[in-house]
Structures are given as structure tokens and as C-alpha cells.
Amino acid sequence: MMLIRWIGTEIRIFAYLQNTILVVCFLGLGLGCFTCRKPIRLHQSLVPLGILTLFMSIPIIRTGLAYISELLSVLRDFTIWASTFSNSPWMTIIYVAIGLILSYCVLILVVDVFVPIGRLLGRLLDDHPNTIFAYSVNIAGSLIGTWLFVILSFFYLPPFWWFAVFAVIMSIFIIWTRVNWRINISLLIAIIVLSWFAGQVPGALKVIWSPYQKLVVTKTDRNAFGFGDLLVTVNNTGYQLISDLSEIHVFSDPEMYDPELEGLSQYDIPLLLHPDPNNYLIVGAGTGNDAAGGLRQGVENITAVEIDPAIISLGRTYHPEQPYSSPAVQIVNDDARSFFATTKQKFDVISFGLLDSHTMTAMTNSRLDHYVYTQESIQRAKSLLADGGIMVLTFAPQELYIADRIDKVLEDVFGEAPISFLIPTTPYGWGGVMFIAGDMKVAEQQISQNQKLKAYIDSLQQAHLYTLPNTTQITTDDWPYLYLESPKIPVLFLLLAGLIILILFRSLRRWDSSSVFSKWKRTHWHFFFLGAAFLLLEVQNISKASVVLGNTWIVNAVIVSGVLIMALLANMLAYKFPKANVYYAYIALIIICLGLYFIDLAKFAFLPYTLKAIIIGGLTTLPMLFSGFIFTRSFAIVLGKSEALGANLIGSLVGALLQTITFVVGIKALLLIIAGLYILSMIYLPINAASENLIIPAKAEQAS
């Protein structure tokens, strides 16, 4: 979890492709389990981790690795912020090749970190006399680790503290083995020191590691940037400007701010479209630019919804107009979709701020903003409009199809095409395409009565002509991929899958485990399919729960915890009922998966939060109880526990790769694939595990 978050932040391509790090973690652990009888040398884990922290602590190397995102963005079929363009096929090939080579170097280091840990895990499970108890301790450790990381995230602690906690835990194993402990402790100290240097950002006013992303506040260079505001970067790329657009400030610097545009910023326009905007909702409120615009226009009740608490804190501290200190502004720290589902208020104006996300949610292919722009989300937001209400959505589309998609969603929901125009980047804001929907008669009347506003919109529509094809597939809760032009697996994901295969063959040779797959038998396949299905089921759970409960970090942590708790409960049931028929568990599991396919969990969104959390949590984690029971029963009787767990982890790796199929078939269809994988695991169920003749643990070689 620590490496997924850290690497995904500093090397931004892995923020969009978080499962890539997860996959290679599973690969390392799986190979470690398969080779657990080989020597366990903890320095073999610490050295590659030290190399990673060394790379991140040297600015020029860190910058080079961060550029992987730009290099791979030339493929253009999967939108990445701060993309690089190439008109030459040869330059495209060169960019992609360099990006993949750099990715390969990072990923093999991650694999090598986890192989010794996998060996230690496999050996401990093999040697323990009570398999179910040992496996339960492992799950409990995962649960504790999850919430330990939640605590670190809650206090915005940077990676230096993550590595410090890791060092304390690793020290226990180093002292326990008593072999080469001086070298290993020295490596740990070096890693901690390097992690501190890796966290330094020269010139930053503030660096915060929020539960979602790395936020850095810097003062922009007026000469280089064009205007002098505070800049907030997210995961090392520009994200928001903290702008002072107060009348006093604007008129004090006419060279920077065109006086003719005063009061016409993208933060002011939404309020000019309604005759009496008393209640104003902002989703994606950021550091307060939109709220400040509402206050300048005299709005009495402003509700500002922002998912990241650290961004709210930055707004309170740094915004010169101090909108979040106004009694007229109510700040709500929540996911926009969750707020839509729970609020009972009606609003005269609803404004979607620049919600575009630079990171994915945990374990899914969805970015934080995906479920905000679906048809169902816009439909729910529409229901919150008061009579004569106006909805304004501003977005910075890097591709025409994104603007077309948003336009089509709004037209489908409201029954008529929205007004749209492109606002350029100026000292008044970063701009973007502004879409106006809702009561169009009210909006058009307001525009026609405000000659200054009408002239400005007309000038923008004439200066920035664009034609939307009206052919792009809209996003839904089942297919929420805003940044994908059409249902397909992006070339980038296919290339990364090939890269994973290359890393697999390299790792088999590096760790002397080339014979791993040649010895596979029925039992291996049983655990392999269980692992693949389990990973996909967890993805499905997080995706479905995000729609109803909100796409927040704490919701994801609770879902993962619920999965682990169900696994512990399954272990207890397997221990209490050792002779229970596993086929009954399979029947229940497959029926539940197929049942969930036909149940729309969004129908529970109207319920009080606690009640719907219980219902959604129960429905999404119930399959884990039966799958966990099946796994534990099989795991308890099979010979070679380490190999069984290794096959399960390799299956999880494949499950993570299979997740990309949702780009084509949608998220709900995963349940059918999951049911199919569980049926395959049932077909390969070890009837008599002893007859499989898996490698029986030999005398362990001492860890070092």
C-alpha cells in the first residue's frame, strides 16, 4: 500500500495505472512463496528499496522518472494530463520505448523488494502447525496495516514517516533472524534518510500529503507564468491557481487584469445566469475560487463541496479573499456524488468546478472524478435544482471527444442542448469549456439582459470555434470512463501487460524459479482461479460502493477492511465446521454473484447514510465470506501451503490485469466473469489434496 501510493505520486503514470504497482507486488510475493525453501536474505529486499528511495532523492533522476507519463501519453488513446504530442511515428515509437524502459526499471525494483518478503511469508505458513490460525494472523496483520496507513494519511504525514514505521516493523524480523543484522539495520537507516531527501520540494511554500494526493503550494513567477498567483500542484503537475479577483486587487493592476473583464471570470459567470441566486452549490470547490466568486456576486448561501480535506485547509490558509471564513459559505468535505445522494436542499445554481482528477481510486480503473460525470450523477444533480435553476459545468477537455461526451450527457438529461463556449487561460482563471444547462429560458434571458456578459460570450464563441460531433458514447455508472474515447482496451494498457510478462520471465530467472509453472497441478489452478476471482470481486465492491457511499479514501479503507474481516470470519467458520460441504458454499457464492448482477445498488442511495452503509457493505462483502470459506478449507488440507498461496497471488496478478476488460464490457459484467472464475476453481477443487503430491516442505534454510 505504501509503495503503491508513493510511486504513484512521484511517478505520475502509476497514479493513472495504480494496479501496475499492485500487480508487480503480487508477482514478487507469489514468486517468493514458490521459492520459500531458498535462502531468505532480507538485504535482497532492502537494497532495491534503497535504490528506489535513492532515485527519488536525486532531483534530476526523480524528474526523469516523472516524465514517463509525458512519454507514454503520446499514444493518445488514454487521456493523461500534461500530455506530449508527436506528429512523427518514429518519435512516437522512441518516446514510448523510453517510457517503457524506464517503467521496466522501476517495476523490477518493486518485484525484487517483495520476493524475500514472500519467501518469509511462505515459509512461516508452511512451518506453522495450525494453518488456519497462521493464515488468520496474516489477515489480521493486513487489517492492522491498512488502518495504520489510514492513520498516517489522516495526519497528512509524508513518506518519511511511512518508511519510519516500515523500518520499525522490519527491524523486528531483522533482530529475530540475527543474521547480518548490522548490515540490514544500516540499510534501513539509509532508506529512512533518503526518504527524507526524497520528500523535499525546493521553493515550496507548503507540501501536504493528503489522503488522496501530494499537494504543493508555490508562488508563481509572474514573468514566466504570465501572472502572479499561488499555484497548487497535484502529484507534481499543475492543478489549481489560488486567485485574488477582488475588485480592489483587479483594479490595482490593470496591466495584468483587463478591467473590461472584471466580474466576468469563470467563477462569476454562473451567478450572472440566474436573476436571484440565493442558494449556490459548488462541487469541486477546491481552494475557494468559486466560493469567492459567489461572495463577490452577493450570494447569501453557498455550499462548497470538496473531497480533499487538505485542499480545503490550503484554501483557508492561502486564499487572499478568505471565502472559507465567510459565514455565508458552508464547507462540506465529501465526494460530490455522495453529496448529491444525501442532501435534501434545492439550489438556484449548481456549479461543477474544475473537478478533473490526476489520480485513480484504489484498485480500480476509475479516476476520482469518473462517477461525477455519469448520466446518473447529472440526473441526480438536476433533481437538486430549484424552479428556474441553472447548472454550470466547467471542464478543461484535452480532447474534443471529452467535451462532446459532457455535452451529450447534459443534452440527454435536460432534453435540450446546453450553451457552451471556451474560456481561454487568463489572469482571471485557467479557463476551460463552460456548459450551461437547466432552465434555458432563464439563462438566455439573463444573458440577453446583461450586454456586457452577452458581448463576452459572443466574442468567445466567435474567437474559439469548435464543432462537437455528437457521436461520443456517454458515461454511465456501469461505463464511467470519461477519458476513454470509446469502449476499448487502450494500447498503453496492452503494452504494460506485455511489460509485466517480460518482467515475469526476467524475475523467474533472477530468482531461480524457472520451473515454477512447469510443476503446476490441479491444486495450483484451483488457488489460481480463486485469486483471480477474489481480486476482481474486490474491484467490483469498491466500484459499486463508490457510487452509493462516495468515492472517498475512508470509504475505500472501510471496504477493504470489510473484505479482510469477512476473510477472518470465513476462517472461523472453516475452523468450526471442518466437514461442511464446500460445494454448498460454491452454490451460494455463484448465486450471490449472479444476483448482484441484477441488483442496482444505487437504488439504496436515498437511505440514511448509516443504514445504506450497512446494506451496501453487507451485499458487497457477503461473497467474500463464501469465497474465503472455500479458500481456507482448501488451504488447510493442501500440502505445500506456500505454493498454494503463491498460485493464489499469481491469480490475483492475472485478476488485476483482467480488470481492464471493464473498459470494453463495463463494470457490472465483471460479476459474470467472477462467477465463471469461481466455477473454474470449483472444477479444479482438490478432491484429495495429498494425492496432488505438491512439494512437501523440506528443511528450511536459515534466513539472513
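The values are calculated or read from the model by the stated rules, or taken from the named source; none is laboratory data. Predicted, not measured: the structure shown is a model, and the values here were computed from it. Ideal geometry is used to build each Cβ from the backbone, glycine not excepted, and the neighbour counts take in all protein chains shown.
Couple of notes before you dig in:
- Checked against (1) farther than 25 Å from residue 229 by Cβ; (2) in a helix (DSSP H, G or I), residue 348 meets all criteria but (2).
- Top-ranked residue in region 286-306 [being in contact with a Pro (Cβ under 9 Å, 6 or more places away or on another chain) and of a type in the set (A, V, I, L, M); ranked as surrounded by the most Cβ atoms within 10 Å (Cβ to Cβ)]: 291
- Residue count, region 417-444 (criterion: more than 30 Å from the chain's Cα centre (by Cα) and exposed (fewer than 14 other Cβ atoms within 10 Å of the Cβ)): 1
- The number of residues in region 246-266 being farther than 16 Å from residue 452 by Cβ, assigned to a loop (DSSP other than H, G, I, E, B) and touching a residue at least 40 places away in the same chain (Cβ under 8 Å) comes to 2.
- Check on residue 550, small (Gly, Ala, Ser) and within 30 Å of residue 343 (Cβ to Cβ): yes
- Test for residue 465: is it in a loop (DSSP other than H, G, I, E, B) and either under 21 Å from the mean Cα position of the chain (by Cα) or at negative phi (or both): yes
- Residue that is in a helix (DSSP H, G or I), at pLDDT 90 or above and in contact with a Lys or Arg (Cβ under 6 Å, 6 or more places away or on another chain), where the choices are 125, 100, 121, 65: 125
- The condition of being assigned to a helix (DSSP H, G or I) and touching a residue at least 60 places away in the same chain (Cβ under 8 Å) holds for only one of 482, 537, that being 537.
- Test for residue 549: is it surrounded by 14 or more Cβ atoms within 10 Å (Cβ to Cβ) and modelled with pLDDT of 90 or more: no
- Among residues of region 305-320, those that are farther than 21 Å from residue 155 by Cα and touching a Gly at 6+ places or on another chain (Cβ under 7 Å), counted: 1
- Cross-chain or 6+ apart pairs with Cβ under 8 Å, region 613-634 first and assigned by TED's automatic domain parsing to the domain that holds residue 649 and crowded, with 24+ Cβ neighbours inside 10 Å, then at pLDDT 90 or above and not in a helix (DSSP H, G or I): none
- Taken together, 298, 286 contain a single residue that is within 19 Å of residue 212 (Cα to Cα) and assigned to a loop (DSSP other than H, G, I, E, B), which is 286.
- Filtering 42, 54, 27, 31 for residues that are buried (at least 18 other Cβ atoms within 10 Å of the Cβ) and more than 22 Å from residue 658 (Cα to Cα) leaves a single hit, 42.
- Lone unmet requirement of (1) without any contact (Cβ under 8 Å) to a residue 60 or more places away in the chain; (2) buried (at least 17 other Cβ atoms within 10 Å of the Cβ) for residue 93: (2)
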